[in-house]
Amino acid sequence: MRHLLTLADYTTAEIERFFSISEELKRQCQQGRREPLLAGRVMVLLFEKPSLRTRVSFEAGMAHLGGTAVFLGDAGLGKRESIADFARNLDKFADVIVFRGFLHRTVEELAAHAACPVINGLTDFSHPCQALADLYTMREVFGKLAGLTLAWIGDANNVARSLAIICGKLSVRMTMATPEGYRFDEPALAWIREQVPELDLTVTADPAEAVKEAGAIYTDVWASMGQEAEQAVRKRDFAAYQVNAALMKRAPSDAVFMHCLPAHRGDEVTDEVIDGPQSVVFQQAANRMHVEKGVLAWLLGVQK
Ligand code: CP
Ligand code: NVA
């Protein structure tokens with residue numbers, strides 16, 4: 001049995017297998033075929049933070065596969081009952097648990113005590129399902145991944161860390177334009193280097209430099225969930241890091257714009273860019289479900 005807490009735990013071949021299963025399930029879905037591969041199976045979504053895409057993509061994906069999802073929002077994890085006891089109860093009812101929350105060690109503790117697979121649906125440390133959908137989307141757009149460059153403009157956050165890991169595994173170059181003070185610190189960089197020594201990563205303070213050879217220009221909110229108190233300071237510190245039409249012009253003309261969403265329009269991205277012809281943000285969102293269906297089929301053993 002495997003969990004999906006970070007993509008660092010998966011080989012390149014396993015990630016490529018997720019993609020091939022997802023591709024087949026997406027093709028079937030678009031033809032109106034929804035094979036009940038997970039009939040009778042139950043997913044529990046245990047969420048400490050708000051969500052649109054993660055919750056709905058997992059619930060809808062589970063329904064497509066013939067299974068059922070149970071959403072637990074304010075269930076008192078670690079307060080009403082310990083994290084370990086949550087895991088030891090939920091695995092009696094559920095075949096898979098998806099957790100979204102603050103501390104990464106919470107999802108690690110759930111996984112340590114659950115007798116069923118646990119999937120990380122975002123922690124402060126990583127967002128593996130997002131990064132899977134993102135590289136799957138780049139593969140759809142460009143027909144390949146190796147040799148492409150993904151330019152990250154903004155905070156070195158959970159999404160950036162997951163992208164760094166998957167870029168390393170799939171031979172995508174990564175450039176990051178991030179202000180001082182918001183970059184990966186030394187321990188974070190050392191961890192990334194240890195997990196993916198093959199990653200070609202460049203860090204700069206200059207967004208124009210970062211995007212000049214980019215196939216994909218990716219940004220995220222300047223203040224992630226849990227950092228709301230830093231919103232004003234971050235808005236000031238990231239002011240020069242907006243992805244706007246002027247920045248897009250510094251990139252190759254076939255570059256796409258990516259964002260995990262939700263977007264703070266007018267901050268990290270302008271309407272013109274996110275609604276413009278280069279934007280693939282809703283293709284990314286759609287692929288969350290297709291890729292998660294592939295991951296579920298593999299983790300629950302109905303696809304090898
Ligand atoms: N991108 C993403 O994870 O969206 P939600 O926060 O809405 O789930
Ligand atoms: N970095 C953002 C991603 C949201 C999908 C956050 O953690 O809030």
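Listed by first and then second residue, the pairs with beta-carbon distance under 6 Å, at least 6 apart or on different chains, first residue in segment 227-246 and among the small types (Gly, Ala, Ser), second assigned to a helix (DSSP H, G or I), are 245/272. On inspection, residue 226 qualifies as of a type in the set (Gly, Ala, Ser), surrounded by fewer than 19 Cβ atoms within 10 Å (Cβ to Cβ), within 15 Å of ligand 2 (Cβ to nearest atom) and not in a helix (DSSP H, G or I). Residue check: is residue 231 assigned to a helix (DSSP H, G or I), within 23 Å of the chain's Cα centre (by Cα), surrounded by fewer than 22 Cβ atoms within 10 Å (Cβ to Cβ) and more than 16 Å from ligand 1 (Cβ to nearest atom)? For residue 231, the condition - assigned to a helix (DSSP H, G or I), within 23 Å of the chain's Cα centre (by Cα), surrounded by fewer than 22 Cβ atoms within 10 Å (Cβ to Cβ) and more than 16 Å from ligand 1 (Cβ to nearest atom) - is met.
Yes/no per residue for (1) within 15 Å of ligand 2 (Cβ to nearest atom); (2) under 28 Å from residue 143 (Cβ atoms); (3) at pLDDT 95 or above:
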| residue | (1), (2), (3) |
| --- | --- |
| 189 | no, no, yes |
| 198 | no, yes, yes |
| 259 | yes, yes, yes |
| 264 | yes, no, yes |
| 297 | no, yes, yes |
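Scanning segment 118-128 for residues that are assigned to a loop (DSSP other than H, G, I, E, B) and at negative phi yields 121, 123, 124, 125, 126, 127. Within segment 253-282, the set of residues being surrounded by fewer than 16 Cβ atoms within 10 Å (Cβ to Cβ), in contact (Cβ under 8 Å) with a residue 24 or more places away in the chain and either among the hydroxyl-bearing types (Ser, Thr, Tyr) or part of a helix (DSSP H, G or I) (or both) comprises just one member, 272. Scan segment 60-94 for residues that are crowded, with 19+ Cβ neighbours inside 10 Å and touching a strand residue (DSSP E or B) at 6+ places or on another chain (Cβ under 8 Å) and the total you get is 10.
Scanning segment 126-175 for residues that are within 16 Å of ligand 2 (Cβ to nearest atom), under 16 Å from residue 193 (Cβ atoms) and charged (D, E, K, R) gives a single hit, 161. Of the residues contained in segment 5-18, none is found to be of a type outside the set (Phe, Trp, Tyr), outside any strand (DSSP E or B), surrounded by fewer than 16 Cβ atoms within 10 Å (Cβ to Cβ) and more than 23 Å from the chain's Cα centre (by Cα).
Number of residues in segment 236-257 that are farther than 25 Å from residue 142 by Cα and either within 15 Å of ligand 2 (Cβ to nearest atom) or of a type in the set (Ser, Thr, Tyr) (or both) equals 2. Restricted to segment 129-219, the set of strands (runs of 3 or more DSSP E) holding at least 2 residues that are surrounded by 19 or more Cβ atoms within 10 Å (Cβ to Cβ) and touching a residue at least 12 places away in the same chain (Cβ under 8 Å) comprises 149-153, 173-177, 216-219. Quick check on residue 69: is it in contact with a His (Cβ under 6 Å, 6 or more places away or on another chain) and either closer than 25 Å to residue 225 by Cβ or of a type outside the set (Ser, Thr, Tyr) (or both)? So residue 69 does not fit the description; no. Scanning segment 25-46 for residues that are under 18 Å from residue 285 (Cβ atoms) and of a type outside the set (D, E, K, R), we see that the one that is nearest to ligand 1 (Cβ to nearest atom) is 45. Give the residues of segment 57-68 that are under 20 Å from the mean Cα position of the chain (by Cα) and either free of Cβ contacts under 8 Å to residues at least 40 places away in the same chain or at positive phi (or both), sorted by residue number. Passing the criteria: only 59. For segment 85-125, taking the residues that are in contact (Cβ under 8 Å) with a residue 60 or more places away in the chain, in contact with a Leu (Cβ under 6 Å, 6 or more places away or on another chain) and within 17 Å of residue 49 (Cβ to Cβ), the one that is farthest from ligand 2 (Cβ to nearest atom) is identified as 118.
The values are calculated or read from the model by the stated rules, or taken from the named source; none is laboratory data. What you see is a predicted model, and the numbers here were worked out from it, not measured in a lab. No Cβ is skipped: glycine too gets one built from the backbone with ideal geometry, and neighbour counts run over all protein chains shown.
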